[in-house]
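Worksheet for the structure shown next.
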Amino acid sequence: MMIHSRPEMIHTHQTAPTQFVEANGIRFAYRRFGKPGGVPLVFNQHFTGTIDHWDPGVTDGLAATREVILFNNAGISNSSGEVPTTFEEMGANAIAFLNALGLKQVDVLGFSIGGFVAQEITLQAPELVRRLVLVGTGPRGGQNMATLTPEAQQIFGATYKVPEEIWLKVHFTDSEASQAAGREFLKRFLRRTENRDPEVNEKVAPAQIEAIGKWGVQREGSYEYLKTILQPTLVINGDNDVIIYSINSWILQQNIPNAQLIIYPDANHGSQYQYPERFVGHVSMFLSE
């Protein structure tokens with residue numbers, strides 16, 4: 001017997017079904033849930049991450065007041081196609097995905113390299129983007145961004161008895177409080193067990209690293225493009241991001257005309273996962289202004 005979800009049934013991060021839509025010759029996997037109506041919030045994911053690498057504490061928190069859309073861009077997990085080696089192409093694919101859903105206006109959130117994609121969406125289709133949230137990310141040609149930072153190389157190059165514990169190093173500082181928050185995050189992160197996304201294949205990381213190299217190279221006037229992002233923008237990071245150094249969030253805020261910056265204390269790359277309630281409060285307030 002097939003059970004159809006009733007229109008009045010509100011899904012959560014745990015229960016939202018994975019759906020597919022075709023665009024640009026790519027079959028995109030996505031999930032939509034939360035409060036329908038209004039402008040949806042579209043999430044763009046970090047290095048080697050899938051839909052299931054988002055924190056339900058963040059997605060469900062934001063879904064209480066708006067619809068959220070999580071998706072795997074081309075070549076990621078259960079989306080078809082190849083991962084492009086430029087963020088411009090990743091942005092174009094994301095726009096094709098949003099157009100295929102028939103969306104006329106969205107708010108865009110990008111985390112880490114998802115923040116590069118979010119900037120590209122905004123640059124290539126400014127009429128599509130109402131507001132922009134950039135988390136743990138940086139500009140083209142930012143500081144120490146042409147390669148993985150030494151800390152990131154060490155973290156991603158190490159082996160972990162429990163594979164998921166890599167995220168305790170990527171997203172959290174070594175302090176007792178931050179690591180405790182990290183362990184709470186891992187519990188939330190692993191809670192969805194049914195219809196969970198497959199992890200990415202071995203082609204993803206090299207393609208994304210190549211794209212990072214092109215994005216991160218410093219040129220004269222690297223930050224000029226940021227002045228053309230006119231959307232209200234919220235920039236959030238931890239005070240000790242070792243993956244994309246925190247100074248890059250300041251550079252974003254200084255160059256995007258209508259940007260504000262929030263820095264969370266004793267926090268690394270995943271500051272939003274260390275302080276999910278605080279993050280949800282700040283983002284919700286910003287999006288409803």
Computed [θ] at 222 nm, helices only, for the chain once each DSSP H run of length n ≥ 4 contributes -39500 (n - 2.57): -10500 deg cm²/dmol
What does the net charge come to around Met285 if you take all other residues with beta carbon closer than 14 Å to its beta carbon, with K and R at +1 and D and E at -1? 0
Using the 2.2 N^0.38 Å rule of thumb for compact globular proteins, work out how the stretch 181-289 stacks up: its C-alpha Rg over that value, please. 1.28
For a Förster distance of 22 Å, can you work out the FRET efficiency between the beta-carbons of Thr12 and Ala205, rounded to the nearest 0.05? 0.15
Among the aspartates and glutamates, select those whose C-alpha is under 20 Å from the C-alpha of Lys104, and discard any that sit fewer than 8 residues away in the same chain. Glu22, Glu67, Glu120, Glu127, Glu289
Here, Tyr160 and Ser284, labelled 7 Å along Cα→Cβ, have an inter-label distance in nm of 2.9 nm
With the Cα gyration tensor of the stretch 11-60 giving a ≥ b ≥ c as the square roots of its eigenvalues, does the rule (a/c under 1.5 for rounded; else a/b larger than b/c for prolate; else oblate) give rounded, prolate or oblate? oblate
Can you give the extra length, in nm with one decimal, that the chain gains between Gln153 and Trp250 once fully stretched, where that is 0.36 nm per residue apart less the Cα-Cα distance? 32.6 nm
Take peptides 59-66, 200-207, 40-47, 23-30 and line them up by average Cβ neighbours within 10 Å, highest first, as a rough protection proxy. 40-47, 59-66, 23-30, 200-207
Quick check on the stretch 94-232: what does the Kirkwood estimate of hydrodynamic radius come out to from the alpha carbon pairs, in Å? 17.4 Å
Which of the peptides 110-123, 211-224 is most tightly packed, and how do the rest follow, going by the mean number of other Cβ atoms within 10 Å of each residue? 110-123, 211-224
Could you tell me the relative contact order of the stretch 19-288? Use alpha-carbon pairs under 8 Å, at least six residues apart, and round to a whole percent. 23 percent
Spelling out what I want: for every residue of the stretch 157-163, take phi, set θ = phi - 60°, compute 6.51 cos²θ - 1.76 cosθ + 1.60 (Karplus), and round to whole Hz; glycine and proline get x. x, 7, 10, 10, 4, 9, x
Out of [x] 53, 46, 39; [y] 58, 44, 38; [z] 64, 41, 34, which label holds the value of Cα extents along the principal axes in Å that was computed here? [y]
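Any read-out appearing in this document is the output of simple, stated calculations on the displayed coordinates, not a laboratory observation. This is a predicted model, so every value here is computed, not measured. Here Cβ is always computed from backbone atoms with ideal geometry, including for glycine, and neighbour counts include all displayed protein chains.
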